[in-house]
Amino acid sequence: MSALADTLPEQVIAQVHKAAVEQLQRQAERAGLAEVKAEAEVVRGSRPLPLCRAPVTVEGADTRAPARMRFLAVCPGAEGWRYDFVVRGKLSAKVAVMAADVAAGKPLGLADVSLERNDITTVPDALADLAAVDGMSARRSLRAGEVLRPNMLVAALLVKRGEMVRIVAKREQIEVSMAGEALDAGARGAIVRVRNASGTTIRARVIDAGTVEPADLPGAN
């Protein structure tokens, strides 16, 4: 909230504009976005905006949708007034964008994604960190130029049901490995059933492509 004393109508407009830009910047900061650029256009209503002889306050009335926000300007006192403004916001930032087409179910590689400045006014959950894409697969077919969102991705399956896997057990400086058969499919960190070479079924944690570790091993992550 900010204030002006004995303000002219154009000064109130400027105050609303400043409040809207600051609101957009705060939203972008909370989302962890980088190199943010916020713009705002204050829509003038048909009702005349009179002069106010006291400090005018401006606060957000509805800022959930950046493309169409509402701000309320209040002139206090017996001769005061309240004026509702519509503000059209625009937000851009460097976000994860598909650099190539990727089929549904295919794991994403660094060559498939790039960080580019993009209009994200209507994409509040755009991914801004390429690290968030690591170990993920396309939930659906993705096209080059699409801004990546969390609901477009799913954890990549590193172990498939029925395939042979390597069971690795580490303790201190000793590592022992043996072959096994995955009885479940799983992404990194998932607990799956694995039948080892002796025919015993164990609980194992997926740690890499085709590799698991005993889930009940002391010290296992």
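The values are calculated or read from the model by the stated rules, or taken from the named source; none is laboratory data. Given the structure is predicted, the values throughout are model-derived calculations rather than measurements. Quick reminder, even Gly has a Cβ in these numbers, built from the backbone with ideal geometry, and neighbours come from all protein chains shown. Note: accessible area is taken over every heavy atom of the protein model, side chains too, but ligands, DNA and RNA are not part of it. Shrake-Rupley method; radii C 1.70, N 1.55, O 1.52, S 1.80 Å.
Structure data summary
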| quantity | calculated |
| --- | --- |
| Proximal lysines relative to Lys90, as straight alpha-carbon distance under 18 Å, when same-chain residues fewer than 8 apart are discounted | Lys18, Lys37 |
| Full-stretch length increase - Ser141, Arg26 - with 0.36 nm per residue and alpha-carbon distance subtracted | 38.1 nm |
| Percent RCO, i.e. relative contact order, over region 155-221, from Cα pairs under 8 Å lying at least 6 residues apart | 31 |
| Full-extension gain in nm, Ala54 to Glu79, via 0.36 nm per residue minus C-alpha separation | 8.0 nm |
| Accessible surface, per residue, of region 96-221 when the full set of protein chains is kept, probe 1.4 Å, Å² | 58 |
| The chain, relative contact order in percent, only Cα pairs under 8 angstrom and at least six apart counted | 13 |
| Crossing angle, helix 9-30 versus the chain [Cα axis fit, 0-90 degrees, rounded to tens] | 10 |
| Accessible area of region 91-221 belonging to carbon and sulfur atoms, whole % at 1.4 Å probe | 51 |
| FRET efficiency for Lys106 and Thr201, using Cβ-Cβ distance with R0 set to 45 Å, rounded to 0.05 | 0.90 |
| Cut-off 12 Å, label 7 Å out along Cα→Cβ of Ala34, residues of region 78-109 by amide N | 94-97 |
| Distance between modelled label sites at Gln11 and Glu116, nm, 7 Å Cα→Cβ extension | 4.5 |
| Protein accessible area in region 24-73, 1.4 Å probe - carbon and sulfur % | 47 |
| Per residue value of the accessible surface for region 9-76 (all protein chains in place, 1.4 Å probe), Å² | 57 |
